[in-house]
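**Q** Got a structure here, written out as structure tokens. Questions coming.
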Amino acid sequence: MEEMTGREALELSGLACRVPDRLLFAQVDLRLRTGESMSVTGASGSGKSTLLMCVLGLVKPDAGSVRVVGADVGRMSARALARHRRDNVGMVFQFGELLPELSPLENVALAGLLSGMRRTEAYERAAELLDDLGVPTSSSGTETLSGGERQRAAVARALINDPPLLLADEPTGSLDRAHRDAVADLLFELPRSRDCALLLVTHDPDMAGRADRQVTLAEETLHPAGTSEEAA
């Protein structure tokens with residue numbers, strides 16, 4: 001049996017979630033440890049993004065539990081949840097969601113400042129991350145960056161607090177092939193270089209196939225990739 005390494009970053013147990021007209025998923029079980037990556041594919045509307053929102057504690061599931069770094073997020077007060085999420089989870093969205101009026105350095109440093117970092121520490125850490133990820137810090141606003149640079153800046157922002165769990169929702173969906181491949185290279189190197197776990201949602205089978213483990217959300221639950229006819 002293969003020896004498991006890393007600490008447990010995420011555990012979903014019996015997770016179920018409904019929208020008004022239907023059941024999105026039920027009995028979802030998932031475990032993810034630092035140092036490994038997992039991709040989730042599935043048809044549009046299958047609940048992939050909702051699954052990430054449950055992990056973040058922004059959607060309350062109808063049943064089951066979500067444990068992030070051992071803590072049950074469903075049992076936390078709003079204040080405790082916000083603090084736990086800030087300290088333990090980084091999120092990368094499809095379009096980066098950067099503030100266009102701020103420079104890349106300011107966008108990344110802001111995340112550190114909001115978490116309680118001293119100003120000097122936040123800016124030093126932001127500059128280091130952006131340099132490591134190949135993003136120019138001299139730009140006056142993120143609108144001057146390429147799509148790939150914006151996504152790398154978004155990754156830097158997600159990493160500033162050294163979270164053990166990194167979530168990514170279609171992080172390359174808006175990029176051309178060259179930028180997509182560069183961002184994919186970066187994301188799938190992070191679990192080992194930054195000692196974090198990566199849970200990534202994507203429609204892109206090439207992107208999904210780069211993960212250590214691949215699952216498909218279909219027929220209201222998770223299946224190993226390739227075992228469901230509804231796989232994306």
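**Q** Search region 68-87 for residues being in contact (Cβ under 8 Å) with a residue 60 or more places away in the chain and farther than 16 Å from Leu12 by Cα, and hand back the single one that is least open to solvent (accessible area, probe 1.4 Å).
**A** The first filter runs over region 68-87 and keeps only residues in contact (Cβ under 8 Å) with a residue 60 or more places away in the chain, leaving 68-70, 86-87.
So of that shortlist, the ones also farther than 16 Å from Leu12 by Cα come out as 86-87.
Values: Arg86: 86, Asp87: 65 Å².
Checking each candidate, the answer is Asp87.
**Q** Under 7 Å between Cβ atoms, which residue pairs at least 6 apart in sequence (or on different chains) link something in region 95-117 that is at positive phi with a partner that is not β-branched (Val, Ile, Thr)?
**A** Between residues of region 95-117 that are at positive phi and residues that are not β-branched (Val, Ile, Thr), the close pairs are Gly96/Arg150; Gly96/Gln151; Gly96/Ala153; Gly96/Ala154; Glu97/Ala154.
**Q** May I ask you to list the residues in region 130-153 that are farther than 21 Å from Gly116 by Cβ and in a helix (DSSP H, G or I)? So that I can check it myself, show each step before the final result.
**A** Just the residues of region 130-153 that are farther than 21 Å from Gly116 by Cβ, to begin with: 131-153.
The answer is Asp131, Asp132, Thr142, Glu143, Thr144, Gly147, Gly148, Glu149, Arg150, Gln151, Arg152, Ala153.
**Q** Could you go through region 29-52 and let me know if any residue there is under 27 Å from Gly209 (Cβ atoms), surrounded by fewer than 18 Cβ atoms within 10 Å (Cβ to Cβ) and hydrophobic (A, V, I, L, M, F, W, C).
**A** yes
**Q** Could you check region 128-140 and list, in sequence order, the residues that are open to solvent by less than 40 Å² (accessible area, probe 1.4 Å) and within 21 Å of Val89 (Cα to Cα)?
**A** Initially, region 128-140 is screened for residues open to solvent by less than 40 Å² (accessible area, probe 1.4 Å), giving 129-130, 133, 135, 139.
Leu129, Leu130, Leu133, listed by residue number.
**Q** A follow-up question, please. Taking region 196-209, which residues are over 14 Å from the mean Cα position of the chain (by Cα) and over 13 Å from Glu170 (Cα atoms)?
**A** Gly209
**Q** Can you tell me how many residues in region 141-193 are open to solvent by less than 40 Å² (accessible area, probe 1.4 Å), under 20 Å from Thr41 (Cβ atoms) and of a type outside the set (A, V, I, L, M, F, W, C)?
**A** Count: 7.
**Q** Now for a separate question. Could you count how many residues in region 113-127 are part of a loop (DSSP other than H, G, I, E, B) and open to solvent by 30 Å² or more (accessible area, probe 1.4 Å)?
**A** Narrowing region 113-127 to residues part of a loop (DSSP other than H, G, I, E, B): 115-118.
Going one step further and asking which of them are open to solvent by 30 Å² or more (accessible area, probe 1.4 Å), we end up with 116-118.
Number satisfying all stated conditions: 3.
**Q** Looking at Glu11, is it at pLDDT 95 or above and touching an Asp or Glu at 6+ places or on another chain (Cβ under 8 Å)?
**A** Working: at pLDDT 95 or above: yes; touching an Asp or Glu at 6+ places or on another chain (Cβ under 8 Å): no.
Against the criterion (at pLDDT 95 or above and touching an Asp or Glu at 6+ places or on another chain (Cβ under 8 Å)), Glu11 does not qualify.
**Q** If only one of Leu110, Leu98, Leu102 is open to solvent by 40 Å² or more (accessible area, probe 1.4 Å) and part of a loop (DSSP other than H, G, I, E, B), which one is it?
**A** Leu102
**Q** Something else about it: Taking into account only those residues within region 194-208 that are open to solvent by 50 Å² or more (accessible area, probe 1.4 Å) and touching a residue at least 24 places away in the same chain (Cβ under 8 Å), which is nearest to Gly6 (Cα to Cα)? It would help to see each step written out before you state the result.
**A** Applying the first criterion (open to solvent by 50 Å² or more (accessible area, probe 1.4 Å)) to region 194-208 yields 194-195, 203, 205-206.
Going one step further and asking which of them are touching a residue at least 24 places away in the same chain (Cβ under 8 Å), we end up with 194-195, 203, 205.
Details: Arg194: 12, Asp195: 8, His203: 28, Pro205: 26 Å.
For region 194-208, the residue satisfying everything is Asp195.
**Q** Could you say which residue among Val73, Val69, Val89 is more than 20 Å from Ser49 (Cα to Cα) and within 17 Å of the chain's Cα centre (by Cα)? Quick ask: steps written out before the conclusion?
**A** Details: Val73 fails: more than 20 Å from Ser49 (Cα to Cα); Val89 fails: more than 20 Å from Ser49 (Cα to Cα).
Selected residue: Val69, the only one of Val73, Val69, Val89 that is more than 20 Å from Ser49 (Cα to Cα) and within 17 Å of the chain's Cα centre (by Cα).
The values are calculated or read from the model by the stated rules, or taken from the named source; none is laboratory data. Only a predicted model underlies this, so the values are computations on that prediction, with no experimental measurement involved. Don't worry about glycine lacking a Cβ; one is built from the backbone with ideal geometry, like all the others, and counts go over all protein chains shown. Ligands, DNA and RNA are stripped out before the accessible areas are found, and what is left, the full protein with its side chains, is counted by its heavy atoms. Shrake-Rupley method; radii C 1.70, N 1.55, O 1.52, S 1.80 Å.
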